[in-house]
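Nothing in this text is a laboratory measurement; each read-out follows from the coordinates by a stated rule. Predicted, not measured: the structure shown is a model, and the values here were computed from it. No Cβ is skipped: glycine too gets one built from the backbone with ideal geometry, and neighbour counts run over all protein chains shown.
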Amino acid sequence: MILGAIEAGGTKFVCGIGNENGEVIERISIPTTTPEETMRHVVDYFKEKKVDALGVGSFGPVDLNVSSPTYGYITSTPKEHWNQYNLVGELKKHFHVPIGFDTDVNAAALGESLWGAAKGLDSCLYMTVGTGIGVGAVSEGKLVHGMLHPEMGHILVRRHDEDHFTGSCPFHGDCLEGMASGPAIEARWGKKGVELASDIEVWELEAYYLAQALVNYILVLSPKRIVIGGGVMKQEHLFPLVRKGVVQLLNGYIQHENVLDQIDKYIVPPDLGDNAGLCGALALARQAYTIKKKS
Ligand code: ADP
Ligand code: ZN
């Protein structure tokens, strides 16, 4: 099976070819400029590839409701030119194969659950802490969508007593993303995260917020594993701080070995490395192919 994968991001579209085992055979990167220009390169790339299905993990917000007239659109994004853009519709004009479409984080969650850090589990969360904070969820073997799609990066968190930063989310100010994304770190401390690597205060505060978020996700969704990626998590010392915070906040309430004895195996980095986004899109392509075959 030849599967086409598109990781549609705000700065670049990574396109690639792979198979049903999550193996990426080749990949290219296309800058995100205007939809016309970017999509022309995307279409050109796949034209000769004879793919059996395509998968797209996209930046959002996106419309995932298949019965909606704007299904497959990138909807109310502040990203110039891409507001209300019919991404799946454009692909359908050129490729008559099943197309899987979902958020970038849902794609990554599915990829990690099929082939990565949550392999073999029917539930997991994938969280990215980068320019924004996004979370995708697999529950009982399926991606969680609900009414639109979850926006777990914008949950409310309890402010630290000594933190006077107003928060960087344009909608909510001090929601999780407003307090703990890469740009929030930079705005609060006046330096980029990478330049603050040795400043323990920065990472303790970061973990204070991330741990609260994970506790809320654990209480609501009870995921069997939590995978955290994104640029900010390159600060690997965050992992033990976040795990410790989660255990402290749960305070013995969740009586499961994952929390009580194996927290270092429960909250983990991604396993798919630089191909995580593409593998996620491959997973969506595989899913679309399988669903089509059954129908
Ligand atoms: P995006 O979210 O745009 O896909 P990333 O996941 O790389 O991209 O996130 C970018 C954010 O992560 C920026 O705010 C950047 O400052 C931060 N970041 C990137 N690398 C590091 C690092 N090594 N340490 C701390 N923060 C980092
Ligand atoms: Zn917010």
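Points worth noting:
- Net lengthening on full extension, residue 187/residue 219 (0.36 nm per residue, minus Cα-Cα): 8.5 nm
- For chymotrypsin sites (Phe, Trp or Tyr not before Pro), the sites in segment 1-89 that DSSP calls loop and that have at most 16 other Cβ atoms within 10 Å are 71.
- For the pair residue 237 and residue 96, a Förster radius of 51 Å applied to the C-beta separation gives a FRET efficiency near 0.55, rounded to the nearest 0.05.
- With at most 11 other Cβ atoms within 10 Å, longest stretch of the chain clear of loop GluC sites (Glu not before Pro) (DSSP): 163-235
- Rounded to the nearest 10 degrees, the inclination of helix 238-250 to the longest alpha-carbon principal axis of the chain is 70 degrees.
- For segment 117-269, the spread of Cα coordinates along the three principal axes comes to 42, 36, 25 Å, biggest extent given first.
- Using alpha-carbon coordinates, inclination of helix 276-294 to the longest axis of the chain, degrees: 50
- Local electrostatic count at residue 279 - Lys and Arg +1, Asp and Glu -1, tallied over other residues with Cβ under 11 Å: -3
- You can think of it this way: the chain between residue 194 and residue 83 has 36.8 nm of extra reach, that is 0.36 nm per residue less the Cα-Cα gap.
- In a DSSP loop and with at most 12 other Cβ atoms within 10 Å, the trypsin sites (Lys or Arg not before Pro) in segment 127-187 are 158.
- Computed from Cα atoms, the angle from the helix 35-47 axis to the main principal axis of the chain rounds to 60 degrees.
- Of all DSSP bridge pairs formed entirely within segment 117-269, close to 60 percent run antiparallel.
- Residue-averaged 222 nm ellipticity for the chain, from DSSP H runs of 4+ at -39500 (n - 2.57), nearest 500: -11000 deg cm²/dmol
- Between segment 80-100 and segment 208-247, the Cα center-to-center distance that results, in Å: 34
- The order of 222, 113, 295, going from fewest to most other C-beta atoms within 10 Å of their C-beta, is 295, 222, 113.
- Among beta bridges that DSSP assigns inside the chain, antiparallel share in %, nearest 5: 60
- The ellipsoid that matches the Cα gyration tensor of the chain has semi-axes, each √(5λ) in whole angstrom, of 33, 22, 17, with the longest given first.
- Spin-label model distance (nm) - residue 295 vs residue 23, 7 Å beyond Cα toward Cβ: 3.0
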